[in-house]
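The structure under discussion appears below in the form of structure tokens.
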Amino acid sequence: QVQFVESGGGLVQPGGSLRLSCAASGSIFSIGAMGWYRQAPGKQRELVARISRGGLTISADAVKGRFTISRDNARNTVYLQMNSLKPEDTAVYYCNTYPTTPDYWGQGTQVTVSS
């Protein structure tokens, strides 16, 4: 069973940037498509961006042009570069397969955007 460990979150001011990392215990190439998800307080978890095995990406409208998902299959790591952060981006961010695999949810990493 694969485990995902998210890191890179923190407190940042509006307009700032963060880079999240998701390290997998197994081969993400064999997994296929991967996604970054987030859950804000009182809201349902939502897809932020996804990336195919070959690197094709799709982002949610709310983050399009600001967030970039990428993957390094050799390092079994998926990244989320977040620029121009807004307070509404505050959430716990998770990675998982796309579509999601219930057993693969990790602890996530907290991102707080506040002045």
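The values are calculated or read from the model by the stated rules, or taken from the named source; none is laboratory data. On a predicted model such as this, the values are computed, not experimentally measured, just so you know. All Cβ positions, even for glycine, are placed from backbone atoms using ideal geometry, and neighbour counts span all protein chains on display. Accessible surface areas use protein heavy atoms only, side chains included; no ligands, DNA or RNA. Shrake-Rupley method; radii C 1.70, N 1.55, O 1.52, S 1.80 Å.
Using +1 on the beta carbon of Lys and Arg, -1 on that of Asp and Glu, and nothing else charged, what's the dipole of the stretch 1-63 about the Cα centre, debye to 20? Working shown, then result.
On the way: 6 positive and 3 negative charges, 8 e Å.
In debye, rounded to 20, the stretch 1-63 gives about 40.
Please state, as a whole number in µm²/s, the translational diffusion coefficient that the Stokes-Einstein equation yields for the chain at 10 °C and 1.306 mPa s, with Rh defined as the Kirkwood radius across alpha carbon pairs. Spell out each step's value before the answer.
Details: Rh = 13.9 Å.
Diffusion coefficient, whole number: 114 µm²/s.
Which whole number of Å³ per residue matches the convex hull of the alpha-carbon atoms in the stretch 2-59?
Numbers: hull volume 6.6 nm³, N = 58.
Enclosed volume per residue, from the Cα hull, is 113 Å³.
Rank these by accessible area, largest first, 1.4 Å probe: Arg66, Arg45. Let's see the in-between values first.
Numbers: Arg66 30, Arg45 95 Å².
I get Arg45, Arg66, largest accessible area first.
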Stretched fully, the stretch from Lys86 through Leu11 gains (0.36 nm per residue minus C-alpha distance, one decimal, in nm) 25.8 nm
How much length, in nm to one decimal, is gained on full extension between Asp61 and Gln39, taken as 0.36 nm per residue of separation minus their Cα-Cα distance? 6.3 nm
The ³J(HN,Hα) series, computed from each phi in the stretch 71-83 with the Karplus coefficients 6.51, -1.76 and 1.60 at θ = phi - 60°, rounded to the nearest Hz and given as x for glycine or proline, is 9, 10, 5, 5, 9, 6, 9, 10, 10, 9, 8, 10, 10
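For the stretch 33-115, what is the charge dipole size about the Cα centre, in debye to the nearest 20, if Lys and Arg each add +1 at the Cβ and Asp and Glu each add -1 at the Cβ? Spell out each step's value before the answer.
On the way: 10 positive and 6 negative charges, 27 e Å.
The calculation lands at about 120 debye.
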For Arg71, residues with placed amide H under 5 Å, excluding near neighbours: Tyr79
Amide H neighbours of Ala33 under 5 Å, at least 5 residues apart or on other chains, H built in the peptide plane: list them. Arg53, Tyr98
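At 222 nm, what helix-only mean residue ellipticity would the chain give, in deg cm²/dmol to the nearest 500, using -39500 (n - 2.57) for each DSSP H run of four or more?
After summing the helix terms and dividing by residue count, I get -500 deg cm²/dmol.
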